[in-house]
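Contents: one structure, followed by commentary.
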Amino acid sequence: MSNLDQETLMADAVLSQKEDPSLLTVMVRNRAIFWGGILLSLFALIAIFGPFFTVDPVALSPMTRLRPPSAAIWFGSDFLGRDVFARVIYGARISLVVGLAVAVISVIIGLFLGLVAGYVRPLDAVIMRTMDGLMSIPAILLAIALISLSGATLGTVIIAIMIPEIPRVVRLVRAVVLTVREEPYVEAAIAAGTRLPMILSRHILPNTIAPLIVQATYVCASAMLTESILGFLGAGIPPEIPSWGNIMSEGRTYFQISPWIIFFPGVALALTVLAVNIVGDGLRDTLDPRIARKM
Amino acid sequence: MSVQDSKPVLEITGLTVRLPEGADREFAIEDVSLSVARGEVVCVVGESGSGKSVTAFTVMGLIPKKDLVPVAGSILLQGEDLLKKSDRQMRALRGEKMAMVFQEPMTALNPVIKVGDQIAELLEIHTNMSGSARKKRVIEAMDDVSLPDPKTMYNSYPHQLSGGQRQRIMIAMALALEPGLLIADEPTTALDVTTQAEVLALIKDIQRRHGMGVMFITHDFGVVADIADRVVVMQNGKVVEQGSRDEILRNPTHPYTKMLIGSVPSLTPPDRPEPEVAEIALEAHHLNKTYGSRGFLTKGRVVHAAQDVELIVRRGETLGVVGESGSGKSTVARCIVRLIDPTSGDITIDGANIATMPERELRPYRKEIQIVFQDPYRSLNPRRTVGQSIVEGPMNYGLGAAEALARAEELMRVVGLAPEALDRFPHQFSGGQRQRICIARALAMEPKVLIADEAVSALDVSVQSQVLRLLHDVRERFDLAMLFITHDLRVAAQICDRIMVMQHGVVVEEGRTAEVYANPQHPYTQSLLAAAPGREMDFAQFA
């Protein structure tokens with residue numbers, strides 16, 4: 001090895017000591033992720049532990065119907081005398097569970113279909129045309145149809161909301177796969193006899209993670225909104241389980257005399273969706289330049 | 001130029017530009033002094049990171065002000081200090097008194113505006129000519145850069161023009177307002193060699209006719225030999241040597257200049273012993289690859305990327321495949337590695353025809369043919385350590401983890417890197433080092449055939465010569481058959497035993513390197529060799 005070579009090696013050794021800051025550090029430094037994350041964790045804590053500290057959200061109390069908010073009943077009571085505070089707290093569970101479940105399941109299914117569509121050329125047209133078909137079905141209508149066919153349970157609501165979200169994930173993953181599969185390092189792996197599942201999992205999948213995390217937050221936010229809309233239309237979670245959507249739906253008739261029944265779940269929904277979206281934006285800003293720099 | 005004007009168009013004195021904190025050095029350029037006289041071409045030469053482009057962009061006032069701050073020195077353009085100008089004043093000066101031509105004409109032009117209107121826009125901003133006068137001036141300018149039929153071409157969009165034509169449009173745009181100074185930043189690097197020769201001749205000719213000063217940024221000493229009056233050599237942000245072209249090229253004094261010029265491969269192939277007739281490692285016969293978009297009802301357009309290609313490579317021999325972009329040389333390589341499927345023909349290795357073999361049967365033969373790609377920054381998975389990348393192939397074929405690692409360590413030594421570096425990630429290495437790693441990865445498969453697809457084209461000239469030497473060494477050591485794909489005739493002259501020249505997917509000439517270079521038969525080969533920049537200069541004398 002010539003002197004020049006050794007010099008560059010040494011120069012590089014010095015350079016390489018300046019490591020990139022870890023992903024966690026970058027994320028904490030980003031203010032959007034920090035504050036959005038705090039708000040979201042707060043809602044998560046309330047959803048998990050809140051119901052243990054409140055009164056029964058479905059306990060009827062005909063004596064105290066339509067009471068306005070006060071020191072004793074913080075968010076007032078509804079037309080059956082149920083405590084709105086307890087119902088909103090319990091509703092957080094439904095919203096977060098639906099949002100999280102839809103995001104996770106649609107990302108897993110979408111990731112698989114997207115990888116296959118992007119890499120296995122003969123299946124591309126089949127998968128993508130099916131996805132185009134799914135995308136042309138209005139989400140709410142599909143949900144109403146599914147729920148009236150198989151009854152309204154948490155499971156059917158999640159499936160109904162999830163199906164129209166899948167094509168969005170598939171398209172994103174396929175687009176990433178189509179760019180990455182042309183990279184010389186993928187071709188080198190093919191030339192080295194690496195089998196297809198390994199090429200996908202080792203060389204292609206890691207490139208899809210960052211955009212998928214960002215997409216998942218948007219799917220999560222939109223799923224929570226759709227769940228509330230379904231609840232509001234009376235097509236979602238059955239009325240005996242309090243969800244933000246059906247609390248608002250039931251309160252609609254009494255809006256003029258007791259607006260608090262709609263106001264508090266509405267605010268909770270808006271804040272949660274806002275928090276998820278803020279985190280999503282923050283992740284997009286921190287993850288995307290990182291990918292650009294590393295590729 | 002015999003008589004120079006006393007007053008320079010551009011005079012840079014003691015220019016220092018600071019880099020943002022946390023960069024690998026404090027200054028992008030330090031104490032740079034150079035001048036460009038009227039009617040003079042000054043070449044600024046250096047490898048990547050030498051600060052040659054930063055110098056040019058500082059003159060143009062196009063550096064990002066937040067990151068790069070000029071902290072000392074002055075830049076006098078016809079007597080006016082550019083560092084003291086406001087943004088508005090600089091905008092007025094750009095185009096009128098100085099203009100720039102960039103490396104990549106496709107991205108420097110707006111793809112959705114007619115090229116004529118793009119030139120006219122400049123006149124609209126800087127002059128108060130009427131619409132018809134502007135159009136007339138634009139057509140004159142396009143005529144001036146020898147574009148065929150400027151009236152029709154005025155209405156073309158950039159994608160309808162060839163690379164050379166686009167670069168001519170850029171030059172016409174730069175000259176539209178008759179600036180005193182033209183800055184050309186690697187203007188021919190993205191062009192094919194024959195087009196490059198034309199564009200260089202054009203710049204030289206225009207500079208003579210208009211008597212302007214040209215600051216020409218390049219990394220290519222062949223280009224320097226063809227175009228420069230004076231040469232400024234830069235290294236790590238500093239000017240190490242400057243002087244007239246002949247002084248620098250024939251009698252360099254600074255060791256760095258000597259090393260750079262010595263690294264330029266000579267166009268004269270070295271004497272090679274008549275090769276022994278060794279075992280044939282790879283054969284291809286009647287190899288065809290056509291790309292066609294067969295329409296649903298219409299007859300689609302068919303492109304013959306490779307047509308009836310015949311090649312034989314023996315063990316211990318290097319066959320060069322030379323051609324310009326679009327000649328089909330990479331298509332041939334990719335067919336042989338079976339990254340793409342040939343349309344028809346035979347590819348024989350180990351007695352088996354792998355041209356149309358299904359993937360399952362092909363697998364045992366894959367390890368016999370390995371490839372090293374052009375772009376060292378994209379050839380290694382950024383998320384995997386170098387070691388993981390190297391052992392991947394051997395472990396695919398059943399080698400145990402410990403043996404694979406031992407082989408990787410051994411190969412790191414072979415390619416001149418420390419075995420400890422196996423745990424590092426690709427971004428911790430320079431381009432040349434990454435290319436060494438890619439060679440190690442290919443060798444780990446113990447192949448019979450190594451394909452180098454423009455493997456040294458993205459490297460600086462000093463690194464290039466080291467990687468070439470490495471490729472030569474491993475070929476000897478492992479008795480490899482090497483297929484060397486390149487557009488660079490100098491590189492091909494030095495490393496190839498035999499040469500195959502391709503044009504439009506067809507092999508037009510084949511023979512022993514020395515014979516082809518000394519006595520090219522086909523007109524295309526003749527024009528390629530005639531266009532090679534700096535052909536009358538023998539650089540290797542300082543090696």
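The values are calculated or read from the model by the stated rules, or taken from the named source; none is laboratory data. Bear in mind the structure is a predicted one, so any value in this text is a computation, not a measurement. Cβ sites come from the backbone with ideal geometry, for glycine too, and all protein chains shown count toward neighbours. SASA here: full protein model, heavy atoms, side chains in, ligands and nucleic acids out. Shrake-Rupley method; radii C 1.70, N 1.55, O 1.52, S 1.80 Å.
Each label point is 7 Å from the Cα along the Cα-to-Cβ direction; what then is the distance between the points at B:H522 and B:F478, in nm?
For B:H522 paired with B:F478, the spin-label model returns 3.0 nm.
What whole-number distance in Å separates the alpha-carbon centres of segment B:352-401 and segment A:46-120?
First find each Cα centre; the distance between them is then 52 Å.
Based on the Cα coordinates of the protein assembly as shown, what is the per residue volume of their convex hull in Å³?
Each residue corresponds to 231 Å³ of Cα convex hull volume.
Across all directions of projection, what mean area in square nanometres is found for the Cα convex hull of chain B?
28.6
From zero up to wherever the largest Cα-Cα distance of segment B:64-216 sits, split into 5 Å bins and tell me the percent of pairs in each.
Binned Cα distances yield the sequence 2, 9, 18, 21, 21, 14, 9, 5, 1, 0.
Could you pull out every residue, at least 5 positions away or on a different chain, whose amide H is within less than 5 Å of the one on B:V415? Hs are placed 1.01 Å off N in the peptide plane, and Pro or chain starts have none.
The list, which skips near neighbours in sequence, is empty: none.
If r is the Cβ-Cβ distance from A:W35 to B:T189 and R0 is 45 Å, what FRET efficiency results, to the nearest 0.05?
Between A:W35 and B:T189 the formula returns 0.40.
Between B:T107 and B:D350, how high is the FRET efficiency from 1/(1 + (r/R0)^6) when r is the Cβ-Cβ distance and R₀ = 35 Å? Nearest 0.05.
0.20
At a Cα cut-off below 29 Å, give the lysines reachable from B:K52, other chains included and same-chain residues fewer than 8 away excluded.
A:K18, A:K294, B:K7, B:K65, B:K66, B:K84, B:K85, B:K97, B:K204, B:K238, B:K258
Using the Cα centre of chain B as the reference point, and only Cβ charges (+1 on K/R, -1 on D/E), how large is the resulting charge dipole? Debye, rounded to the nearest 20.
1460
May I ask you to list the residues of segment B:155-190 whose amide nitrogen lies under 18 Å from a point 7 Å from Cα along the Cα→beta-carbon direction of B:K136?
Only B:176-178 pass the distance filter.
How many times 2.2 N^0.38 Å is the alpha carbon radius of gyration of segment A:134-236?
1.43
Looking at the calculated P(r) for segment B:74-115, what percent of the C-alpha pair distances fall above 15 Å?
56
At a Förster distance of 30 Å, what's the computed FRET efficiency of B:D205 paired with B:V506, Cβ-Cβ distance as r, to 0.05?
For R0 = 30 Å, the calculated efficiency reads 0.35.
Taking a spot 7 Å from the Cα of A:Y254 along the direction of its beta carbon, which residues of segment A:209-231 have an amide N less than 20 Å from it?
A:231
Just tell me how shielded B:16-24 is by partners: mean number of partner chain Cβ atoms within 10 Å of each residue's Cβ, no decimals.
The mean count of partner-chain Cβ atoms within 10 Å per residue comes to 1.
First compute the accessible area of the protein assembly as shown with a 1.4 Å probe, then give the percent of it belonging to carbon and sulfur atoms.
Roughly 58 percent of what the probe reaches on the protein assembly as shown is carbon or sulfur.
Show the residues, 5+ positions off or on another chain, whose built amide H is closer than 5 Å to the amide H of B:V508.
Amide H to amide H, under 5 Å and 5 or more residues apart or across chains, B:V508 pairs with B:V501, B:M502, B:Q503.
Note down the nm distance, to one decimal, between modelled labels 7 Å out along Cα→Cβ at A:L80 and at B:N155.
Computed distance between label sites A:L80 and B:N155 equals 7.5 nm.
Take the alpha carbon atoms of segment A:207-238, find their center, do the same for segment B:167-244, and report the distance between the two centers in whole angstrom.
If we compute the Cα centre of each part, the gap is 58 Å.
Rank B:V332, A:I33, B:L483 by how far each Cα sits towards the positive end of the charge dipole of the protein assembly as shown (+1 on Lys, Arg Cβ; -1 on Asp, Glu Cβ) and give me just the farthest.
Farthest towards the positive pole: A:I33.
Could you give the accessible area per residue of chain B, probe 1.4 Å, as a whole number in Å²?
Solvent-accessible surface per residue comes out at 43 Å².
Which cross-chain or sequence-distant (5 or more) residues have an amide H under 5 Å from the amide H of B:I183, H modelled 1.01 Å from N in plane?
B:A99, B:M100, B:V101, B:M215
What is the extension gain from B:L62 to B:R88, computed as 0.36 nm multiplied by their sequence separation minus the C-alpha to C-alpha distance, in nm to one decimal?
Result for the pair: 8.1 nm of gain on full extension.
Within a 10 angstrom radius of each residue's Cβ in B:374-383, how many Cβ atoms of other chains show up on average? Whole number is fine.
Across the residues of B:374-383, the mean count of other-chain Cβ atoms within 10 Å is 5.
Per-residue ellipticity at 222 nm for chain B, helices alone: DSSP H runs ≥ 4 residues times -39500 (n - 2.57), over residue total, nearest 500 deg cm²/dmol?
It comes out at -11000 deg cm²/dmol, rounded to the nearest 500.
A:L60 versus B:E420, label points 7 Å from Cα toward the beta carbon: distance in nm?
My value for the distance between the label points is 7.9 nm.
Work out from phi, with θ = phi - 60° and the Karplus expression 6.51 cos²θ - 1.76 cosθ + 1.60, the ³J(HN,Hα) of each residue of segment B:414-427, listed in order in whole Hz, and give x for Gly and Pro.
4, 8, x, 10, 6, x, 4, 6, 4, 7, 8, 9, x, 5
Tell me which aspartates and glutamates have Cα within less than 18 Å of B:K151's Cα, excluding those fewer than 8 residues away on the same chain?
B:D117, B:E121, B:E140, B:D143
Excluding B:I340 itself, what net charge comes from residues whose Cβ is under 11 Å from its Cβ, given Lys and Arg +1 and Asp and Glu -1?
+1
Hey, what do the phi angles of segment A:219-228 turn into as Karplus ³J(HN,Hα) couplings, whole Hz, using 6.51/-1.76/1.60 and θ = phi - 60°, x for Gly and Pro?
4, 4, 4, 5, 5, 5, 5, 4, 4, 5
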